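The values are calculated or read from the model by the stated rules, or taken from the named source; none is laboratory data. Model, not experiment: these values are computed from the prediction. Please note: Cβ atoms are built from the backbone with ideal geometry, for glycine as well, and neighbour counts cover all protein chains shown. With ligands, DNA and RNA removed, areas are computed over all heavy atoms of the protein, side chains included. Shrake-Rupley method; radii C 1.70, N 1.55, O 1.52, S 1.80 Å.
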Amino acid sequence: MLTCKEFLAELSDFLDEKTRGELRTKLERHLQECPNCWVVCDTTKKTIKVYKGMQSCSIPDDVHSRLMAAVERKMAAKVKN
Amino acid sequence: MVLQAAGSLCFPAGFVNSFTLWACVAAPFALLWDNGVSRNMATESIPVETPVDDELELVTRAKQGDMTSFSALLRRYEGKIFRLAMNITQNREDAEDVLQESFLKAYEHLDQFLGNSKFYTWIVRIAVNQALMKLRKRRSDRAVSLDEQIDTGEDTVVREIAAWDPDPEQRYSQEELHEILSTAIDELAPIYRTVFTLRDVDGLSTEETAEALDLSVPAVKSRLLRARLQLRDKLTRFFKRKGDDAFAYM
Ligand SMILES: [Zn+2]
């Protein structure tokens, strides 16, 4: 049986479904036999899910305006040359 | 209200981390840019009304001098790049500088973008370099890396193990939830915060994250694991099942 430490080391790949074959079987068996790792796995999965739900990322209007102005100046200079 | 709360994730309050001496940022930067560029501007104008969804098409048109296409790329990514710059510089003024410098550089060197990676990955790489240069200037003669000396071994410690509710986030209002999530992510070291955001929030692959941050794939993987576990630990306080006692690994 895997140790908890070995399980944790593979947790990210396991959650991303990147583990295959014998390793995956071992990890799944550890999950069935170890309540601690089951909780860590479940709550880490929920952590990722809850952050995925907040993708919106707005930019302040003034920051956007100044960015556009800077880029337009650059474009104008380019056209001139 | 929701919009405001979303903003707090993107523009976190100042939280200054100490960056260790690591590697000079000038080297990778030079690799990216010192190619002696000369761009060809297309003289014919391209109809701007055509809706263009495909990113590669936008890039192609922008390369030909279509300003509308470049503006479309800018609008698509400015929010994410600003958040990234805030994550690294921890300073709004610096982040805005980084944002502008990144898009100006991208515009100027667009013909160096070969299209074999995502445009977002490319511009993230530019922005990370710009942000690190900013930090370097702020700290005068010190070279700065995003990757701090963080291998203390404590990062992977799981401190609290307690089951969560099936849908723990529903216990909180949108505003409260945003506050909880953004506070937790702000407390991470910049490298963890950046890797987690690119990989798990923006949805880049491990390989793309490695390319954007100039890290190896194993380095991204280990930092991602630590970021996820640290966030999990921080969120357990808020999301654990009521009445359950947390316990730790023996
Ligand atoms: Zn275990």
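A simple spin-label model places pseudo-atoms 7 Å from Cα toward Cβ; at residue B:167 and residue A:20 they are separated by 3.7 nm. Residues whose amide H falls under 5 Å from that of residue B:164, counting only those 5 or more places apart or on a different chain, are B:241, with hydrogens built in the peptide plane. Straight Cα distances below 17 angstrom link residue A:78 to the lysines B:63, B:105, with same-chain residues fewer than 8 positions distant left out. Short-range pairs are left out: with C-alpha atoms under 8 Å and at least six residues apart, the relative contact order of chain A is 26 percent.
For the residue pairs B:80/B:118; A:5/B:221; A:26/A:46, the C-alpha atoms sit more than 18 angstrom apart in A:26/A:46.
When B and A come together, around 4500 square angstrom of accessible surface is lost from both chains combined, probe 1.4 Å.
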